[in-house]
Each structure stands twice: as structure tokens, then as C-alpha cells.
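A short write-up of the structure that comes next.
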Amino acid sequence: MRIPCIHIWGLLLTAGLLFSAGCTESSKRPTAADGALSYMISADQLASRLGLQKSFSDGRHIELTNSTNRVLIFTHPGGNVYVNGQNIGLAGACRREDGTYYFAELLVPRIRGYLNAQTPVKPVYTPSSPSPSYSGRTVVIDAGHGGKDPGAISYLGYPEKEVNLKVAQKVAWRLKSKGIRVIMTRNNDTFIELNDRAEIANREGADLFVSIHHDSNHNRTRRGYTLYIAPNASETSRRAGRFIEKALSGTGLSSNGMRTNDYRVLMRTQGPAVLVECGYLSNPSEAAILYDGDFQNRIANAIVQGILQAL
Ligand SMILES: [Zn+2]
């Protein structure tokens, strides 16, 4: 995934242009005389060259959109570019001048390759109104790991990232059917940095962030699900954790209760956040049932039940 990016930066370095990744601040506007900066364009220019509008900028990331595309550019060192939910690699050189962001012009062709063709928006009919009690609520569902990061490898050989995504998608579909606005940090096999996952929840003003994982241990007899919240978690996070923990007891898996841990996604999410370890992939019998689609439905139903009680 990072190979095209390394390749591009390799070319830049050969050209004698040394950039540091992430945004640097400068009080002076860039000019062509600045050499390297002549290869940098403002966020507005980047948007217009891609046929997008700059719809959001909060100092941590910039959002460029049109009716069929959404591009997120994270400006912190090591920040990535996401096109329609797919991580296309590092944003690379970024510079902030008088509140305006400048990026390498090379981002234009890189992003363009991933954009969807625009289709005219045709309003057909108004869908039936969603359940009033949940409309306006936003839940971010985070499928743990992905892409180059497989997570744990199960006793049966499949990677954790795969079952995390299956359960996350099932949870997301069910929540959407209740009229809840659901945002997934990833909806395919993509690697997303932990900080970026939390950023998504913060930017979307999530009422709840739920990270979905599966456990592993060298002791193959370990089993059951575990709920995690941050050590300094809010009462809302605790409530959500308790509801999901209770609902999961109906699946037949044993409970290891609710614990605290300073997992980065929990620490960096500003709103309520919980992390679910659905069971032990290192346990031979749990590895088998956790891979089963029907059992995943059961887990998803329980997580949804807990989320609905918490909202
Ligand atoms: Zn995990």
C-alpha cells in the first residue's frame, strides 16, 4: 500500500526537494522563488483541480467533497489521505501559511486515480422517515486492524482483521436500519492509523465510538468476550460498556466483564468510546464459532442492542 508513495517521495528526493511529512508552519507566503514550494498548491487549488469543494478544515484534517466523493487529508506528521474511505498513503509534504494549507502538487494525480465518476443526483422519492428516537444520533463503528495489519491470527489461520470487519459491517447495517447515522472507520481491507480512527469520531461528533476486535492469548484455554473503556472514561462510556457487556451474555459466550485500558483509540476519542473483544481467536472452539456467519449475526445483534440502550 505504501509502495507508490515511497516511489513518489523517492523521485522528489532525487530532485533535491527535501520535505518533512506533516504540516510545517510559516509566516511567509510561499512564492515560486522558494523553489520547492512552487511544486505546492493550496488546498483550494487542490480541490478545484480535482473538481471537488473544500467542505471542512479544522487544523487537523481537510475534507474535499462532491456528490460522489469524499477525500480526507490528515495534516499531522505521518497523516494519511483517504479517498472514499480507502487509505491511499501518506499526505506527505504539507505547509501552513497564514491559515492556508499547501500540499505537494503530486497529490492531484494520486487522488484523481481513486475518485469515482460523478453521477447526477436524482431525487426519486422521500424514503420513509427513520425511527424518531434515534434520528440525529451518530455512531462510529471501528473495525480493528486492516490492510497490512492483520491483528491476531486465529487458531484456524484466518486474520482478526477479517472477522472484525464482518461483525462491524453487520452492526453498521443494523444501526442504519434504525435511522442512526453510522460512520465506519473502514469498510474494506484498509490500514488506518489509530489516531486517524479517533479523529474520525471526533470530527463526526460521534455520540458513541465502538471499536470491534477479537482477542488472542498464548494460553489456548482463554475464552470469552471483554469490554474495554479508557481509565478516565466518562459515565456515558461506562454505561455503554455495561449495556453491551450485558447484551453479549445472551450469545452464549462467557463474559470477562468490563475492564479499563489505555488503548489509543479510547484515549484519543473525545466522546463516549468502548472497545469490544468479541472472543478468543486463539481458542480452538471459539475460533470456529467466531468465523461462523450466523454466530457473527448473534454477536452483532447483541452489540446493537447494547448500543441502542446506551443512546
Ligand atoms: Zn485487535
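Read-outs throughout are calculated quantities, based only on the coordinates presented, and are distinct from any laboratory measurement. Just so it is clear, the structure is predicted and the values come from calculations on it, not from any experiment. Using ideal geometry, Cβ is built from the backbone for each residue, glycine included, and neighbour counts are taken over all protein chains shown.
Taking the stretch 138-310 on its own, what percent of its Cα-Cα pair distances exceed 24 Å?
On the way: 3923 of 14878 pairs.
Counting pairs separated by more than 24 Å, the tail of P(r) holds 26 percent.
For the stretch 145-213, which trypsin sites (Lys or Arg not before Pro) pass both filters: DSSP loop (anything but H, G, I, E, B) and at most 13 other C-beta atoms within 10 Å? Before the final figure, lay out the partial values.
Details: sites: Lys148, Lys161, Lys166, Lys170, Arg174, Lys176, Lys178, Arg181, Arg186, Arg197, Arg203; in loops: Lys148, Lys178, Arg186.
Filter output for the stretch 145-213: Lys148.
Distance check, please: which entries in Lys54/Lys176; Lys54/Lys166; Lys170/Lys246 exceed 31 angstrom between their Cα atoms? Please report the intermediate quantities before stating the final value.
Numbers: Lys54/Lys176 27 Å; Lys54/Lys166 33 Å; Lys170/Lys246 19 Å.
Check vs 31 Å cut-off fails for Lys54/Lys166.
Search the structure for amide H atoms under 5 Å from the amide H of His214, placed 1.01 Å from N in the peptide plane, and list their residues when 5 or more places away or on another chain.
Cys278
Between Thr65 and Arg259, what is the label-point separation in nm under the 7 Å Cα-to-beta-carbon projection?
For the pair Arg259/Thr65, the computed spacing is 3.9 nm.
So what is the orientation-averaged projected area of the stretch 52-114, using the convex hull of its C-alpha atoms, in nm²? Write down the numbers at each step before the final one.
On the way: hull surface 16.1 nm².
Mean orientational projected area (the stretch 52-114, Cα hull): 4.0 nm².
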